[in-house]
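Chemist: First the structure, which I've put down as C-alpha cells, then a few questions once you've had a look.
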Amino acid sequence: MLATLNSFVISGIEAVPVKVEVDIQNGLPAFDLVGLASQATREARERVRAAIKNSAYEFPNRRIIVNLAPADIKKEGGHFDLPIALGILLASEQLENNLSGEYFLSGELSLNGEIRKIPGVLPMVLELVKSSKDIRLIIPKDNSEEASLVTEILSFPVRTLQEACEYFENKTELKAVNPFNFNDVSNKQILPDFADVKGQDVAKRALQIAAAGLHNVLLIGPPGGGKTMLARRVPGILPEMSRQEILETTRIYSVANLLNPIHPLIDVRPFRAPHKNASSASIIGGGKIPRPGEISLAQNGILFLDELPEFSRDVLEALRQPLEDKVVTIARAQATHTYPADFALISSMNPCPCGFFGSEVECKCTPLQIQKYLGRISGPLLDRMDLHVEVPRVEYEQLKERSIGENSEIMLQRVKEAREMQKKRFKRQKISLNSQMRPSEIRKHCMLDDESEGLLKNAFERLKMSARAYDRILKVARTIADLEHSDKIKLQHLAEALQYRSLDRKYWHL
Ligand SMILES: Nc1ncnc2c1ncn2[C@@H]1O[C@H](COP(=O)(O)OP(=O)(O)OP(=O)(O)O)[C@@H](O)[C@H]1O
Ligand SMILES: [Mg+2]
Ligand SMILES: [Zn+2]
C-alpha cells in the first residue's frame, strides 16, 4: 500500500512543499528513508518507530520505504516525523483517512508519541496563503500562537500522535487556532537614554543619522570614552516596526526556532550584540543544521559588534558580502540557504592594543603592533562603514556638567520625521530606506548641484575613494538632508557626509 501526505522543507526562510510518500511491501523487514534526507531527518526512523509503538499502534514488520519528494532539495529537520508516522499507519491500514480536502502536516515526535514544537511554522502558513485552495495545516500545539499570526489559513494544533490519528479518522474535532490579537501586545520597554551621555555630540549626531537611514557606523576612540554606552542607546531612537517588518523579522526567528511560544512576535526592533568569541556560524549563519545567524536576527534593526578587531578574521571577512547585498547566502554541498540580513552595523574599537593611539594619553604600542591591530579591519570592510566617528575622551568639565544632553525622545522624533520622508520617496517601490537605494535610485534621488558636485569630485580624488564609498556618501548625504526636511541635497549635507569618511586617513594611513 502507498500513502502520500503533504509537508514542507525549509530552505532559507521559505517553506517549500514536499510530498511524503510511504510504501509498504511484503519482504524482509526494513525501514528506508530516501530523498536527500540529512542525518537529523533520517533519525526520524527511530523516533517514528518508538512513537508508533508507544501510541498503541503496531509498527509493521515489513519493508517500508519513505520517499521525500522532490529529491533534489536537501531535507533538514525533524518535522517530517509526523507525516511519516501517519503515512506508515495509513499504508499499513491501521488508520483510515476520513479528512476531506487538502491538508499539510509537520511535527517532530518524541519517543512517547508527543509532538514537539518545530521551527519554520510561520513560513509554512505564509506559503499556504499563496494558494487559493481550501487547505488545512496540522501543527504541534506549541506552535499554535505562531500559526495564528496568519489568519487566512486554518491551522489545527495537535499534542500527540494519537490525537492526530483520531483527527484523521474523524473521531475527534479539533479547534482551529484563534487569530492572533495584535492589539493585545504591549511592546513598551524601558531603554537607556542618550541624555546620560555627556558631550560626544558628533557621535550622537552620527548615530542619529544611522538610525534614520539604517547606515553603518564605526566608533573609534580610547577606553572609557563611552563607545559602548553610546551604541547601547541606539534602540531608544529607532522607530516602531511596521506590520510588514514585524512579519519579515518574525519569520527569521521562526526558522531559527527562537520564537517565544506565548508571544511569537518580534515587534521590537532587534539589537543583537554577539560576543567577540562567537563562532562564524553563529554570527553569519550556517552550522550543521543551517540556521540564520546574528546578522539575520538583526534584520530591520541593529547588529552591534563591540571591539570589532577582536572578532575572528573569518567573521570579519564573511561580513563583507551581507553588508553589501543585505542578504547572506550559505552554500553547502547539496543546498544553498539564503537569509535576509538588512541591518545597520554599529561597531566600536580602540585605535591600538593599549587603546590610546592618537589621544592625549601616551600610547605604549609599537608601530608594528598598531599596524597589525588596525590591519584586522581590512580596507573593503572599512569602506562599508558609512560613518566613521571619533569618540574622544570626555573632558572633566563636560562630565561635571549638570545640564543633561539631548535626550532620546527628541532624537527619536527627528528620526521618525526623516523616515517619513523616505517612506514618501520610496512609495510604490520595494525599498523604504536610503541605505537600501540601488544605483538607479541613487542617480534619481541624490542629485547634486554644481557646487556640491565639485566638492565631491575634489574629495573623491584627494581621498582616492572607491566607487562604493562614493555611493555610500551620497546615501548618507540623502539621510542628512531628510533629517532637515530638505528635498534637495545641499552643500552642507554633502560636506557633513564627507566628514564621516576621513578617519581612515588618520589611523589607517590608506
Ligand atoms: N560621555 C560620557 N558621559 C557620561 N558617562 C560616560 C561617558 N563616557 C563614559 N562614561 C562612563 O564610563 C563608562 C565606560 O564607558 P564605555 O564602556 O562606554 O567606554 P568605551 O568607550 O566603550 O570603552 P572601551 O574602549 O574600554 O570599551 C560608562 O559606563 C559611563 O559610566
Ligand atoms: Mg566599550
Ligand atoms: Zn597603543
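Values quoted throughout were computed directly from the atomic coordinates according to the rules given, and no laboratory measurement underlies them. Being a predicted model, the structure only gives us computed values, none of them experimental. Every residue, glycine among them, receives a Cβ derived from its backbone with ideal geometry; neighbour counts consider all protein chains shown.
Chemist: Set the Förster radius R0 to 56 Å, insert the Cβ-Cβ distance between residue 28 and residue 181 as r into 1/(1 + (r/R0)^6), and round the FRET efficiency to 0.05.
Modeler: Efficiency, from the Cβ-Cβ distance: 0.55.
Chemist: For segment 427-483 and segment 327-343, what is the centre-to-centre distance using only Cα atoms, to the nearest Å?
Modeler: Centre-to-centre (Cα) distance: 28 Å.
Chemist: Separate question: With everything on Cα atoms, drop me the angle between helix 408-425 and the longest principal axis of the chain, reported from 0 to 90° to the nearest 10.
Modeler: 70
Chemist: Report, in degrees rounded to the nearest 10, the 0 to 90 angle that the Cα long axis of helix 243-255 makes with the longest principal axis of the chain.
Modeler: 60
Chemist: Could I ask something else about it? Taking 60 Å as R0, compute the FRET efficiency from the Cβ-Cβ separation of residue 461 and residue 102 and round it to 0.05.
Modeler: My answer for the efficiency is 0.40.
Chemist: What aspartates and glutamates sit close enough to residue 464 to cross-link, taking a C-alpha to C-alpha distance under 14 Å and skipping anything fewer than 8 places away on the same chain?
Modeler: Straight-line reach from residue 464, under 14 Å: 383, 504.
Chemist: Given a Förster distance of 22 angstrom, what is the FRET efficiency for residue 430 paired with residue 243, based on the Cβ-Cβ distance and rounded to 0.05?
Modeler: For R0 = 22 Å, the calculated efficiency reads 0.85.
Chemist: Here's another thing I want to ask about it. Could you work out the relative contact order of segment 2-168? I mean the mean sequence separation of Cα pairs under 8 Å and 6+ apart, divided by the number of residues, in percent.
Modeler: 24
Chemist: Turning to a different aspect of this structure: Given the Cα atoms of segment 2-168, and with Rh set as the inverse mean 1/r over their pairs in the Kirkwood sense, what is Rg to Rh to two decimals?
Modeler: Details: Rg = 14.7 Å, Rh = 15.7 Å.
On the Cα set of segment 2-168, Rg over Rh gives 0.94.
Chemist: Another question, then. Quickly estimate the mean residue ellipticity at 222 nm for the chain, helices only: each DSSP H run with n ≥ 4 gives -39500 (n - 2.57), and the total goes over all residues, rounded to 500.
Modeler: -10000 deg cm²/dmol
Chemist: Which of the peptides 297-307, 226-236 is most tightly packed, and how do the rest follow, going by the mean number of other Cβ atoms within 10 Å of each residue? Before the final figure, lay out each step's value.
Modeler: Numbers: 297-307: 23.6, 226-236: 20.9.
Output ranking for 297-307, 226-236: 297-307, 226-236.
Chemist: Can you tell me the orientation of helix 81-91 relative to the chain, as the angle in degrees between its alpha-carbon axis and the longest Cα principal axis, to the nearest 10?
Modeler: Its long axis makes an angle of about 20 degrees.
Chemist: Looking at the chain from every direction and averaging, what is the projected area of its Cα convex hull in nm²?
Modeler: If I average the Cα hull's projected area over directions, I get 27.5 nm².
Chemist: Can you give me the relative contact order of segment 284-405 as a percent, contacts being Cα pairs under 8 Å and 6 or more apart?
Modeler: Relative contact order here is 25 percent.
Chemist: Stokes-Einstein D for segment 360-428 at 4 °C, 1.567 mPa s, Kirkwood Rh over Cα pairs, in µm²/s?
Modeler: Details: Rh = 17.1 Å.
Diffusion coefficient, whole number: 76 µm²/s.
Chemist: Ranked highest first by the average count of other Cβ atoms within 10 Å around their residues, in what order do 13-25, 463-475, 104-116 fall?
Modeler: Top of the packing list down: 104-116, 13-25, 463-475.
Chemist: For segment 127-167, rounded, prolate or oblate, judged on the Cα gyration tensor with a ≥ b ≥ c (square roots of eigenvalues), a/c < 1.5 rounded, else prolate if a/b > b/c? Can you show the working numbers first?
Modeler: Numbers: a/c = 3.37, a/b = 1.59, b/c = 2.12.
Cα axes put segment 127-167 in the oblate bin.
Chemist: So for 217, 202, fewest C-beta neighbours within 10 Å to most, what's the order?
Modeler: Listing 217, 202 from fewest to most nearby Cβ atoms yields 202, 217.
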